[in-house]
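Here the structure comes first, spelled out in structure tokens, and everything after it is commentary.
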Amino acid sequence: MKKLLCLLSLLIRCLPLSAQPLNWTETAPGIWKLSVGKPEAYNLLTAAESQPNLSAISRLGKTAFPLAQNDIVATVVNGKTYLRFPLDRGEQLFGFGLNFQTVHQRGKILQLHVDHYGGKDNGRTHAPVPFYVSANGYGVFVNSARYITVYAGTAARKDSKNPPVAQDRNTDKNWSARPYSDAVEMLVPAEGVEMYVFGGPTPLDAVRRFNLFNGGGCLPPRWGLGFTQRVHRLYSADDVRKEAAEFEARKYPLDFIGLEPGWQSKSYPCTFEWDKTRFPQPEAFVKDMLSKGVRINLWTNPYVSPEASVYPKIAPYTGSHTVWVGAVPDLTIPKARELFWDVFAKDHIGIGVSGYKIDETDGYDYYLWPDVATFPSGLSAEQMRQTYGLLVQKQSADLFRNRNQRTYGLTRASNAGGSSLPYVLYNDYYSHEDFITALINSSFSGVLWTPEVRASKTSEEWLRRFQSVCFSPMAMINAWASSTKPWTFPEVADQVRDIAQLRMQMMPYWYTEFAKYHFEGTPPFRAMNLEPGFQAEVKKEVVTASLEENPYAEAVGKEIKDQYMAGEYLLVAPLFTGQTSRKVILPKGKWYDFYTGRFAGEGEVITVTPGLDKIPVFVKDGGIIPMMPPLLHAPKPGQKVDLDIRHYGEKPGQYQLYDDDGETFDYERGQYSWRTIRVERRKNGQWTGAVSAAEKGKPDTIGKVTWRFMTK
């Protein structure tokens, strides 16, 4: 009898949960949730403390459940959860976190594991977000703080509805070592999990719903979208003052300076206390820099030195293992949070510091805590590894929120739930090409990425990297080791100044696009695969020397990882060292050169030779780009700024321009405005433009308006 009961128990545990209909619940329009087994209380969303923007999700409207529910399988066996989602034969997949070398993810095997990127897209990365997007127009999210193994269309089951055909390798030339698979399968090492399906109907709609479900994208302060210089790690207060003055004298924009490890009395591990030899009067220093229009951002990692004044109190609330002999606070415990962040609130933010660069929350394994570590909260080392970047982002951002002050900083690790957190990812890897691919992939996972500039071997590389970074979420030089300056290569110093000033001129556009990220969920920088009309009609390839056949449809079917959309209207196609020309794939519709307004192409592949001074940028037909004068610092709250509004192409255009005070959270209480910019053609053929009037009691920072109709 005992043996029979044990057998029955085993059979029950192994019984697929999908043997009964899975009870998907629509939690918001176009978003469905399913819980299987016993989901863990601690997950990615609880770590990030995400709150869905339900009103914004509702504005996206309803849509049908995008998958065949009977083909979704969820099974719990021996304490592990097995998931299976169907795939069509021609269906491509995107996402699964911040990948650096591949955009197409179908056919990949990944273990989603927070880590420093090691050179391979194997799931171990800075943001291993368990969310994927289908070209068929839906998304799937598994809300677990565990190392999830993913088989993204690689495993062929014998009970598959659409199995691969067996082939004879001896005689069949089409035999493949990787047979067709009709499913995404995942293994979650937990007794249950909650998961979500996000409807479209387009891939971009699924991404929007995912971002809004996580609170909407972050809305940085205006100064965060200016230019930042991270200075040498051992700079003193006088060194920083001198460098900021040189930026001013040379007319290079500068909104915030990043202090690297030497600002602390000890680092690796950290005291979080000012070094009094390099910064004898930190409060006076920070205030002096603020008076010059330059904010201060502090580097740190969250591992407490035994010599830190907070160490004796926080030690009981730290993990069993150290990082560089620094204690690891268990930031899920309220007392640990209070003790740790009180130092930051008092000695940094309290004297005017504007943000943080939070380092080394990602890996490698040899210096981060091991999976055998324990934490006083009872959470596993694995769960802590997957969420520590989220914890430090959320908790540090709350320090600024408590002061009604926005921030914008850098982090080395993130995950699902982090869309609304005001941090940009970076790392120590330094491939220009792969940095652009990462920027593209960030748009599928609700994170931001900066292709930062550090050192360069040539002036050409320096300028090419600088051009890319000025069309990214954070325009930054990281000179912590090299002491490089924008003018380090004199032969391209003028071109570097020009592109930095262009970054500032475009601030009204960048700020509005980040507002759309927050209010609508649209990534400000995103993959071509999310652009409507990208897979459109077939055209000929236009080459400067001759015409040759290269079908557009064939081109867009390939993996596009070196061009991307920037905001509503712009397509950016960077060049890399050694390139003098490149091909650009234009989506359906007419496109125009950003700099001249000339027609560039229509749903075709073009070859461009822009010269060293320009990064190729193209504008949709009817595109409107609001610009301002090239100020050296972002506008202050309430500051009136003149607008130079550009219109491109042959179509009338309309653009919603966002405005608020640029620094506080008052926009959450309604203190913001959307001003409609319209461009129309009169009966006499002349273009005319207009900006809607400001609402009474709403922000109004538009000064004089001039119009530039770029396409003649």
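Cα convex hull, the chain: 183 Å³ per residue, rounded to a whole number.
The magnitude of the dipole of region 624-709, with charges of +1 and -1 set on the Cβ of Lys/Arg and Asp/Glu and taken from the Cα centre, is near 560 debye. Pairs of lysine in region 222-514 with Cα under 17 Å and at least 8 positions apart or on different chains: total? Total qualifying Lys-Lys pairs in region 222-514 comes to 17.
In region 624-709, taking the dipole from charged Cβ atoms about the Cα centre, the farthest positive-side position among 648, 701, 664 is held by 648.
Farthest towards the positive end of the charge dipole of the chain, among the residues 207, 579, 331, is the Cα of 207, using unit charges on the Cβ of Lys, Arg, Asp and Glu. Each of 157, 337, 503, 146 was scored by other Cβ atoms within 10 Å of its Cβ. Arranged with the fewest first, they read 157, 337, 503, 146. With contacts taken as Cα pairs under 8 Å at a separation of at least 6 residues, the chain carries a relative contact order of 12 percent. One equal scatterer on each Cα of region 222-514, no solvent, Debye formula: the resulting log10 I(q)/I(0) at q = 0.12, 0.15 Å⁻¹ is -0.77, -1.21.
Dividing the helix sum by the residues of the chain, where each DSSP H run of 4 or more adds -39500 (n - 2.57), gives a mean residue ellipticity at 222 nm of -6500 deg cm²/dmol.
In the calculated pair-distance distribution of region 624-709, the portion above 16 angstrom amounts to 56 percent of the Cα-Cα pairs.
About its Cα centre, the dipole of region 187-256 is roughly 280 debye, where the only charges are +1 on Lys and Arg Cβ and -1 on Asp and Glu Cβ. Taking trypsin sites (Lys or Arg not before Pro) across region 352-440, the ones in a DSSP loop with at most 14 further Cβ atoms lying within 10 angstrom of their Cβ are 403.
For region 438-483, the set of trypsin sites (Lys or Arg not before Pro) satisfying both a DSSP loop assignment and a count of at most 15 other C-beta atoms within 10 Å is given as 457.
Lys/Arg Cβ at +1, Asp/Glu Cβ at -1, dipole of the chain taken about the Cα centre: which of 319, 29, 480 is farthest positive-ward? Final value for the positive-end residue is 29.
Over all projection directions, the Cα-based convex hull of region 559-712 averages an area of 11.7 nm². From most to least packed by mean Cβ count within 10 Å, the peptides 469-475, 120-126, 58-64, 671-677 give 469-475, 120-126, 671-677, 58-64. Remark: region 206-269 is approximated by an ellipsoid whose semi-axes, taken from the C-alpha gyration tensor as √(5λ), come to 32, 19, 7 Å, largest first. When Rg and the Kirkwood radius Rh are both evaluated on Cα atoms of region 153-281, their ratio Rg/Rh stands at 1.29.
The DSSP beta bridges internal to the chain are antiparallel in roughly 70% of cases.
Throughout, read-outs are computed from the coordinates displayed, never taken from laboratory work. These numbers come from a predicted model, not from an experiment. Reconstructed Cβ throughout: ideal geometry from the backbone, glycine too, with neighbour counts over all protein chains shown.
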